[in-house]
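The values are calculated or read from the model by the stated rules, or taken from the named source; none is laboratory data. Note that the coordinates shown come from a computational prediction; the quantities given were computed from them, not determined experimentally. Glycine gets a Cβ as well: all are built from the backbone with ideal geometry, and neighbour counts include every protein chain shown.
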Amino acid sequence: MNAIPMSVTVNGEAHALTVPPHETLIECLRDRLGLLGVKKSCDVQVCGACTVLVDDRPVSACTVLAFEARGKHVRTIEGLAHGDDLHPVQEAFVEHGALQCGFCTPGMIMATVALLAENPSPTADEVKHYMRGNICRCTGYKRIVEAILAASERLATGPRTTDGG
Amino acid sequence: MLRPFELCEPASVAEASELLLRHGEAARIYAGGTELILAMKEGLIHYDYLVNVKTVPGLAGVRLDADGSLRIGAATPHRVLERDPSVSERFPAIARMEADVANVRVREVGTLGGNLCFAEPHADPGALLQVFDATVRLERKGGARTIPLERLFVGPFETCLEGDELLTEIVVPPLAPRSAAVYLKFGFLERPSVGVGVAVTLADGHVADARIAVGSVGPVPRRMRDAEARLQDRPVADSEAALAEAGRIAARASDAITDLHGSAEYKEHLVGVLLRRAFQAALAAVAGSERR
């Protein structure tokens, strides 16, 4: 088994790590770096709870290998807020009550950040298509879609926080 | 949990081929990993060596040839094909099919070549690409061959690739003028239960060429030539009855398997329904493009 040295930036912080090839990204983020907002649920890339961004692209941390993040920027739910100052997507989820148990929420929010970076003003249908791979077993999706559309408007009219996502 | 393995990162196709030759059954090509790593995590398969082909220069990317063919590097992620302007303009059916593969995270990471080589029967690209008469380039150290895509698939999870061969490129020729392709699928799980690809070429009110491929239903995606023959040379206005018969023939020929995705009978029914809808949508697409 070969160990792979890698430098990776996680939520803006540079790390020099050595990982075995079979280490998954979720193991690296949770067990090495303590980022417990990355949730493992289905473990087969279907549910989206473990969604994180690698160079702004959404991936399933449960199945992507950690070494694939070498030289890249990884962003997790922990990297969105500035202290108590929430990211506009987080604010919209709170204001619209777009969560119940909250387990799917970090993945929902990271997928939303990726969607809005790519398509700042999606239609409701575009939101549903993009978010099809993020599963919530509590609330249904109505409030989630509403929150995403509200976040899109909020980002378009100027974010309240210093970080526009 | 994944069992430990060694990662090999070749700098060329020849080097990758040599690694496959050296390690034999203990090695497997690794591209996006969206299928392979899942199966390895489940403990269904194990390899001591994964050969990462994403480090091989030139294996990813999309370009249009002078003759209008689309040349897709095997390590090109689905998401690139979904969003590439040359694909959506010249091969809209492929862009649309790609936009509905699994979910966005799988499409960001998973590659077209990996999808084809894994030969999971419940997949979309293998069926649609066959109605374009797509070919695949297989390379090994010191040699290369190009074969029709339909010959790549041997059985579930089985291709005709030799032990030291790699799929390097998928070539999709353009359809003739007055043609359109459509892919329709149905499923209630992440993977499709049934997928039907159709390409139609019209001339003088007749079906000059009809191509049909069915995927996910049987062990491999395949062309349905007997069903195609029922539609060939028919007047468009008179295609309805032939379409029903083509649907029945394709359903019988699809080798439908009862599994988690539905009973064989159910899938056979869906083949007929999707074939009719796809054919009609393709006719409408040709008419639409001529009105523009």
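To keep it simple, each residue is scored yes or no on (1) away from chain B (no Cβ under 14 Å); (2) within 29 Å of B:His78 (Cβ to Cβ); (3) buried (at least 18 other Cβ atoms within 10 Å of the Cβ).
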| residue | (1), (2), (3) |
| --- | --- |
| A:Pro5 | no, no, no |
| A:Pro20 | no, yes, yes |
| A:Cys42 | no, yes, no |
| A:Arg70 | no, yes, no |
| A:Thr105 | yes, yes, yes |
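Within region A:24-36, does at least one residue satisfy the condition of being within 14 Å of another protein chain (Cβ to nearest Cβ) and under 30 Å from A:Pro122 (Cα atoms)?
The answer is yes, given that some residue of region A:24-36 is within 14 Å of another protein chain (Cβ to nearest Cβ) and under 30 Å from A:Pro122 (Cα atoms).
With respect to B:Arg105, determine if the residue is modelled with pLDDT of 95 or more, away from chain A (no Cβ under 14 Å) and either over 22 Å from B:Val200 (Cα atoms) or not in a strand (DSSP E or B) (or both).
Against the criterion (modelled with pLDDT of 95 or more, away from chain A (no Cβ under 14 Å) and either over 22 Å from B:Val200 (Cα atoms) or not in a strand (DSSP E or B) (or both)), B:Arg105 does not qualify.
Checking A:Thr123 against (1) more than 14 Å from every other protein chain (Cβ to nearest Cβ); (2) within 18 Å of the chain's Cα centre (by Cα), only one condition comes out false. Which one?
The number of the failed condition is (2).
For B:Pro174, which of the numbered conditions (1) at pLDDT 95 or above; (2) surrounded by fewer than 18 Cβ atoms within 10 Å (Cβ to Cβ); (3) under 30 Å from A:Cys47 (Cβ atoms) fails to hold?
The single condition B:Pro174 does not satisfy is (3).
If you go through region B:18-70 one residue at a time, how many are among the β-branched types (Val, Ile, Thr) and without any contact (Cβ under 8 Å) to a residue 24 or more places away in the chain?
1
How many residues, within region B:233-269, are surrounded by fewer than 16 Cβ atoms within 10 Å (Cβ to Cβ) and not in a helix (DSSP H, G or I)?
Number satisfying all stated conditions: 7.
Whether any residue in region B:61-78 is of a type in the set (Val, Ile, Thr) and modelled with pLDDT under 95 is what I want to check.
Scanning region B:61-78, I find no residue that is of a type in the set (Val, Ile, Thr) and modelled with pLDDT under 95, so the answer is no.
Quickly run through region A:28-45 and pick out the residues that are aliphatic (A, V, I, L, M) and outside any loop (DSSP other than H, G, I, E, B).
Hit for region A:28-45 is A:Leu29, nothing else.
Select the strands (runs of 3 or more DSSP E) contained entirely in region B:126-196, then report the ones holding at least 1 residues which are over 25 Å from B:Leu59 (Cβ atoms) and in contact with a Pro (Cβ under 9 Å, 6 or more places away or on another chain).
Once the strands (runs of 3 or more DSSP E) in region B:126-196 are filtered for at least 1 residues that are over 25 Å from B:Leu59 (Cβ atoms) and in contact with a Pro (Cβ under 9 Å, 6 or more places away or on another chain), what remains is B:153-155, B:179-186.
Yes/no per residue for (1) modelled with pLDDT under 95; (2) touching a strand residue (DSSP E or B) at 6+ places or on another chain (Cβ under 8 Å); (3) under 29 Å from B:Met1 (Cα atoms); (4) within 14 Å of another protein chain (Cβ to nearest Cβ):
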| position | (1), (2), (3), (4) |
| --- | --- |
| A:Gly102 | no, no, yes, no |
| A:Lys128 | no, no, no, yes |
| A:Ile135 | no, no, yes, yes |
| A:Tyr141 | no, no, no, no |
| A:Ala151 | no, no, no, no |
| A:Thr162 | yes, yes, no, no |
| A:Gly165 | yes, no, no, no |
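Somewhere in region B:83-94, is a residue on the phi > 0 side of the Ramachandran plot, out of contact with any Gly (no Cβ under 7 Å at 6 or more places or on another chain) and not polar (S, T, N, Q)? So that I can check it myself, show each step before the final result.
Looking only at region B:83-94, we keep the residues that are on the phi > 0 side of the Ramachandran plot, and these are none.
The answer is no; no qualifying residue exists.
Among the helices (runs of 4 or more DSSP H) confined wholly to region A:46-165, which include 3 or more residues that are closer than 27 Å to B:Lys54 by Cα?
Because the criterion is at least 3 residues that are closer than 27 Å to B:Lys54 by Cα, the helices (runs of 4 or more DSSP H) in region A:46-165 that meet it are A:105-118.
Which residue pairs have Cβ atoms closer than 7 Å, lie 6 or more positions apart in sequence or on different chains, and pair a first residue in region A:23-43 that is more than 21 Å from B:Phe5 (Cα to Cα) with a second residue that is among the basic types (Lys, Arg) and modelled with pLDDT of 95 or more?
From region A:23-43, the pairs are A:Leu36/A:Arg30; A:Val38/A:Arg30.
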